[in-house]
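Input: a single structure, listed below in structure tokens.
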Amino acid sequence: MSKSTNTESAAPSRLAIWLGHHLHSVVFSLGRVLRKPWATALTIAVMALALALPLGLSIALDNLKLFAGSVQQSRDINLFLKPELDAAAARDVATALRARADVAEVTLRSSEEGLAELRQSAGLGEAIDALGENPLPTLLIVTPAAGDDAALATSLQALPQADLVQHDALWRQRLDGWLGFGARLVQVLSALLGLGAVLVVGNTVRLDIQARREEIGVLQLLGASDGFIRRPFVYLGAWYGLGAGLVALGLIGVCGLALRPPLAELSHSYGSAFVLHGLDLFHSVMVLVGTVILGWLGAWLVTGHFLRQTRPTDT
């Protein structure tokens with residue numbers, strides 16, 4: 001009785017058997033990947049290129065949004081006063097505007113301050129000295145409060161002291177439209193190229209299934225479940241997906257390193273401190289998880305279709 005009890009307690013549980021077969025499938029599928037380096041490299045390269053394109057477009061769009069964010073956040077309205085107004089009249093206009101509920105802040109920039117800034121930034125000192133007199137008007141930089149910026153710009157234009165009002169609301173709306181179109185384009189390309197990656201994995205796994213057709217037939221005759229037979233192929237697809245994700249991230253990183261210096265130089269020439277931003281650790285991990293899921297899905301679909309066709313039927 002004691003020997004029987006010891007034998008039963010030493011027998012592995014169903015959970016241990018299930019976990020052991022998963023571990024064996026992971027190692028076995030990795031071995032099949034490594035035994036065919038050229039075929040594996042080709043499959044991973046095709047998948048990586050298909051994944052890197054929408055990923056790169058998404059990163060470029062995110063950087064464009066960051067670059068445009070500083071412009072969109074600048075809601076200031078430039079109000080150029082008529083040239084005949086003196087400094088006292090300009091201060092009176094600024095004081096009246098500060099008292100309005102739809103105005104958050106008003107900054108007064110005199111014609112002398114504008115001329116000094118132009119002389120310093122543009123390097124036009126000699127040309128400005130040749131004019132003899134200051135051609136610049138007094139400028140009021142009006143920051144709108146929460147509300148309709150366009151309505152405030154229209155009301156400022158109606159002021160009798162106003163000569164010109166500059167407001168870029170229409171430009172910002174168009175930019176928002178283009179950014180929205182770019183986001184939708186990235187989504188469509190991601191769906192199409194993601195489907196292409198699934199098909200690439202599916203076709204590769206299908207070839208591996210055909211090479212083991214007789215072995216699968218024997219397992220089916222012995223009563224092996226579809227999950228048992230499918231498991232090594234599903235992990236094979238996951239390995240392909242992981243490799244493609246790593247290569248895609250590497251391609252994006254190399255492209256970022258190549259583009260960052262000229263972009264930084266271009267931004268510096270415009271007086272901007274903008275730098276190219278890539279993927280952080282969290283988003284990189286999410287990309288790898290997504291590529292593994294794509295590889296797993298492609299292998300699961302193909303294996304399931306094959307098993308449905310070859311499942312033995314009772315006669």
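The values are calculated or read from the model by the stated rules, or taken from the named source; none is laboratory data. Please read these numbers as outputs of a predicted model, since none were measured by experiment. Neighbour counts are summed over all protein chains in view; Cβ atoms, including those assigned to glycine, are modelled from backbone coordinates with ideal geometry.
So the values come out like this:
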quantity: Failed condition for Ile77, given (1) within 29 Å of Ala145 (Cβ to Cβ); (2) at pLDDT 85 or above; (3) buried (at least 16 other Cβ atoms within 10 Å of the Cβ); calculated: (2)
quantity: Given (1) within 30 Å of Thr40 (Cβ to Cβ); (2) surrounded by fewer than 16 Cβ atoms within 10 Å (Cβ to Cβ); (3) in contact with a helix residue (DSSP H, G or I) (Cβ under 6 Å, 6 or more places away or on another chain), index of the condition Val186 fails; calculated: (2)
quantity: Condition check for Leu236: over 23 Å from Leu19 (Cβ atoms), surrounded by 12 or more Cβ atoms within 10 Å (Cβ to Cβ) and in the same structural domain as Met47 (by TED's automatic domain parsing); calculated: no
quantity: Gly253 being under 30 Å from Leu207 (Cβ atoms) and out of contact with any strand residue (DSSP E or B) (no Cβ under 8 Å at 6 or more places or on another chain); calculated: no
quantity: Options Leu279, Leu251; residue that is part of a helix (DSSP H, G or I) and either at pLDDT below 85 or surrounded by 13 or more Cβ atoms within 10 Å (Cβ to Cβ) (or both); calculated: Leu251
quantity: Among residues of the stretch 273-294, those that are within 13 Å of Leu246 (Cβ to Cβ), touching a helix residue (DSSP H, G or I) at 6+ places or on another chain (Cβ under 6 Å) and hydrophobic (A, V, I, L, M, F, W, C), counted; calculated: 3
quantity: Residue match in the stretch 106-117 (condition: modelled with pLDDT of 85 or more, within 42 Å of the chain's Cα centre (by Cα) and surrounded by 15 or more Cβ atoms within 10 Å (Cβ to Cβ)); calculated: yes
quantity: The stretch 122-168, residues that are over 12 Å from Asn78 (Cβ atoms), at pLDDT 85 or above and either out of contact with any helix residue (DSSP H, G or I) (no Cβ under 8 Å at 6 or more places or on another chain) or outside any loop (DSSP other than H, G, I, E, B) (or both); calculated: Ser155, Ala158, Pro160
quantity: Odd one out for Thr313 among (1) at pLDDT below 80; (2) touching a helix residue (DSSP H, G or I) at 6+ places or on another chain (Cβ under 9 Å); (3) outside any helix (DSSP H, G or I); calculated: (2)
quantity: Residue, farthest from Gly31 (Cα to Cα), within the stretch 207-233, restricted to residues that are of a type outside the set (A, V, I, L, M, F, W, C) and surrounded by 19 or more Cβ atoms within 10 Å (Cβ to Cβ); calculated: Arg230
quantity: Matching entry among Leu219, Leu195, Leu207 (being free of Cβ contacts under 8 Å to residues at least 40 places away in the same chain and touching a helix residue (DSSP H, G or I) at 6+ places or on another chain (Cβ under 6 Å)); calculated: Leu219
quantity: Which listed residue is part of a helix (DSSP H, G or I), among the β-branched types (Val, Ile, Thr) and under 17 Å from Val292 (Cα atoms), from Val188, Val218, Val201; calculated: Val201
